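First up is the structure itself, then whatever we jot down about it.
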Amino acid sequence: QKEVEQDPGPLSVPEGAIVSLNCTYSNSAFQYFMWYRQYSRKGPELLMYTYSSGNKEDGRFTAQVDKSSKYISLFIRDSQPSDSATYLCAMSAPRTGRRALTFGSGTRLQVQP
Amino acid sequence: DAGITQSPRHKVTETGTPVTLRCHQTENHRYMYWYRQDPGHGLRLIHYSYGVKDTDKGEVSDGYSVSRSKTEDFLLTLESATSSQTSVYFCASGWGGDTNEQFFGPGTRLTVL
């Protein structure tokens with residue numbers, strides 16, 4: 001079983017919709033949670049990160065962490081065609097000494113104009 | 001891409017030949033990483049470096065070696081390329097620390113025939 005699970009999609013929504021992207025994880029040592037956006041044939045781009053449980057907002061993006069449920073979400077408000085990309089969640093477990101981020105396999109999002 | 005470049009961007013090679021991929025960053029990051037990205041597997045860490053001449057293995061290090069002679073440069077070598085090493089390779093860099101935010105390069109698409 002993978003430590004981080006993410007629905008691969010594709011998720012197709014109309015322009016202006018609210019998008020919800022999610023990851024579940026099994027390792028309670030994860031403390032920092034990140035979301036990356038990856039356009040086709042490009043490198044992943046860090047969108048935002050959160051520490052422990054709670055919400056963090058940045059413009060149209062809101063990241064939410066529920067450590068009790070081992071569940072994280074990224075919400076995109078007023079989605080735009082330019083948001084069409086693959087979204088990867090990533091997690092850090094600093095107390096384990098592990099240097100790698102643990103990534104989900106990504107959800108492909110398509111925003112239809 | 002946070003001042004990270006990779007070369008070459010595309011390469012086709014034959015089984016059994018050595019291949020070296022280059023990563024260059026201008027952010028003075030202490031940590032540098034090599035990942036491979038494959039469908040269904042997400043991003044997996046090959047090797048990382050925590051300083052000049054200091055490197056360590058990731059989860060998929062067999063068949064790969066790395067070197068870091070300068071802070072800004074991190075080389076990945078496939079000692080004898082195999083078809084299973086056909087993949088997209090991403091370099092990343094970061095300051096380390098608990099959040100372990102990593103910033104990615106544009107990727108190298110490698111095909112081993």
Residue among A:ASP7, A:ASP58 that alone is within 12 Å of the chain's Cα centre (by Cα) and either modelled with pLDDT of 95 or more or open to solvent by 50 Å² or more (accessible area, probe 1.4 Å) (or both): A:ASP7
Of the listed residues (B:THR17, B:THR5), the one being outside any strand (DSSP E or B), more than 10 Å from chain A (Cβ to nearest Cβ) and modelled with pLDDT of 95 or more is B:THR17
For the range A:47-95, give me each residue that is assigned to a loop (DSSP other than H, G, I, E, B) and in contact with a Leu (Cβ under 7 Å, 6 or more places away or on another chain). A:SER84
Of the numbered conditions (1) out of contact with any helix residue (DSSP H, G or I) (no Cβ under 7 Å at 6 or more places or on another chain); (2) on the phi < 0 side of the Ramachandran plot, B:GLY40 satisfies every one except a single condition; which is it? (2)
Hey, does the range A:82-90 have a residue that's more than 10 Å from every other protein chain (Cβ to nearest Cβ), farther than 25 Å from A:GLN1 by Cβ and open to solvent by 20 Å² or more (accessible area, probe 1.4 Å)? yes
Among what's in the range B:68-94 and is within 27 Å of A:ALA93 (Cβ to Cβ) and away from every other protein chain (no Cβ under 12 Å), pick the residue that is surrounded by the fewest Cβ atoms within 10 Å (Cβ to Cβ). B:THR71
What number of residues within the range B:43-60 are surrounded by fewer than 17 Cβ atoms within 10 Å (Cβ to Cβ), assigned to a loop (DSSP other than H, G, I, E, B) and of a type outside the set (D, E, K, R)? 1
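The values are calculated or read from the model by the stated rules, or taken from the named source; none is laboratory data. Every value quoted in this text rests on a predicted model; they were computed, and no experiment measured them. Cβ sites come from the backbone with ideal geometry, for glycine too, and all protein chains shown count toward neighbours. Keep in mind that these areas ignore ligands, DNA and RNA; they rest on the heavy atoms of the full protein, side chains included. Shrake-Rupley method; radii C 1.70, N 1.55, O 1.52, S 1.80 Å.
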